[in-house]
Amino acid sequence: MAGETQLHEIRDLFGEVVTRIDSKSLAAALERALLAGIDLRMTELGSNDLSGVNLSGANLEGSDFEESNLSGANLRGARLAGVNFASANLEKADLTEADLKGANLHQANLRGGNLTRANLEKALLDRATLEGCNLEGVQLRGLMMRGAHLGKSALEWKDLREANLEGADLRGANLYKANLSGTHLEGADLGEAHLLGAGLAGAKLRGANLEGARLPIGLAIWWKLVGKRIHARLASQTPGKMTLSTTAKLLDDNLYAEWKRSRREAREIARHFKKHHNLDL
């Protein structure tokens, strides 16, 4: 019936229904309860204060926590596939080994959280804040992180293949030996980031800031000779694929002359990257 209160079934670890409760009462109960392992699939819990709640190992697949306060929450090992955490506060939450596949974390605050060995495959983290997060062993392949802020989050040895980090704040990020094959990094801030040993085959770096970053030698030379000026002046306004030769045609006379003087080195670098890395610069 229209206006009828929706009741949620609370199940125990064996799948048996323990009770049925409405969303408001459920939120109030969660504030003071230890609910490790509980089944709360497809539950509406948006805009509630659930700070410090213990939902470790719980099944929350498909649930809605939009704009909820989950700061300090224990979600260790929780099943969170497809969960809506848009604009939620997950600061210092424990998401160790949690399954967040396909979860919506748009504009979520994950600052200082623990995501060790969590599965974030195909998750949406556009404009999310992950500064200070522990991301050791995290599965990040194919996720969307446009405009996200990672700061100095640990990302060494991470699989970021085909992820979309367009415009992300990765300044100072540790990407040592990270797999960035096919990763979208257009317009990303990689200033002072650690990229030594990173796999960059097919990575898209158009408009990215690499100032002060620790780079593989070939990319470092390219950035110094050509990339810094090209990206600073043209990356934000040049559509499509940007290459050394096509971009040079767009430069003013003075910059073009400067680029032309170093064309031999630039061409060697371009050939090297085309052959070994297939970078989209």
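Here is a yes/no grid of residues against (1) under 26 Å from residue 147 (Cβ atoms); (2) surrounded by fewer than 22 Cβ atoms within 10 Å (Cβ to Cβ); (3) in contact with a strand residue (DSSP E or B) (Cβ under 8 Å, 6 or more places away or on another chain); (4) at pLDDT 90 or above:
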{"residue": "16", "(1), (2), (3), (4)": "no, yes, no, no"}
{"residue": "69", "(1), (2), (3), (4)": "yes, yes, yes, yes"}
{"residue": "88", "(1), (2), (3), (4)": "yes, no, yes, yes"}
{"residue": "91", "(1), (2), (3), (4)": "yes, yes, yes, yes"}
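If a residue must be in a loop (DSSP other than H, G, I, E, B) and either aromatic (Phe, Trp, Tyr) or within 15 Å of residue 67 (Cα to Cα) (or both), how many such residues does the stretch 94-110 contain?
Our first condition is that a residue be in a loop (DSSP other than H, G, I, E, B); within the stretch 94-110, this holds for 95-98, 100-103, 105-108, 110.
From what is left, the residues that are either aromatic (Phe, Trp, Tyr) or within 15 Å of residue 67 (Cα to Cα) (or both) are 103, 105-108, 110.
Total meeting the criteria: 6.
The residue that is surrounded by the most Cβ atoms within 10 Å (Cβ to Cβ), counting only those in the stretch 93-107 that are under 20 Å from residue 169 (Cβ atoms) and touching a Lys or Arg at 6+ places or on another chain (Cβ under 9 Å), is 106. Checked against the criterion of being farther than 30 Å from residue 192 by Cα, in contact with a Lys or Arg (Cβ under 6 Å, 6 or more places away or on another chain) and surrounded by 20 or more Cβ atoms within 10 Å (Cβ to Cβ), the stretch 122-138 contains not a single residue that satisfies it.
Going by the structure shown, is residue 186 at pLDDT 80 or above, of a type in the set (D, E, K, R) and closer than 22 Å to residue 142 by Cβ? I'd like the intermediate steps shown before the answer.
Details: at pLDDT 80 or above: yes; of a type in the set (D, E, K, R): yes; closer than 22 Å to residue 142 by Cβ: yes.
It is true that residue 186 is at pLDDT 80 or above, of a type in the set (D, E, K, R) and closer than 22 Å to residue 142 by Cβ.
Scanning the stretch 208-251 for residues that are touching a Gly at 6+ places or on another chain (Cβ under 6 Å) and either crowded, with 22+ Cβ neighbours inside 10 Å or at pLDDT 80 or above (or both) turns up 209, 211, 212, 231.
The values are calculated or read from the model by the stated rules, or taken from the named source; none is laboratory data. Here the structure is a predicted model, which means the values were calculated and not measured. We place every Cβ from the backbone using ideal geometry, glycine too, and count neighbours over all the protein chains shown.
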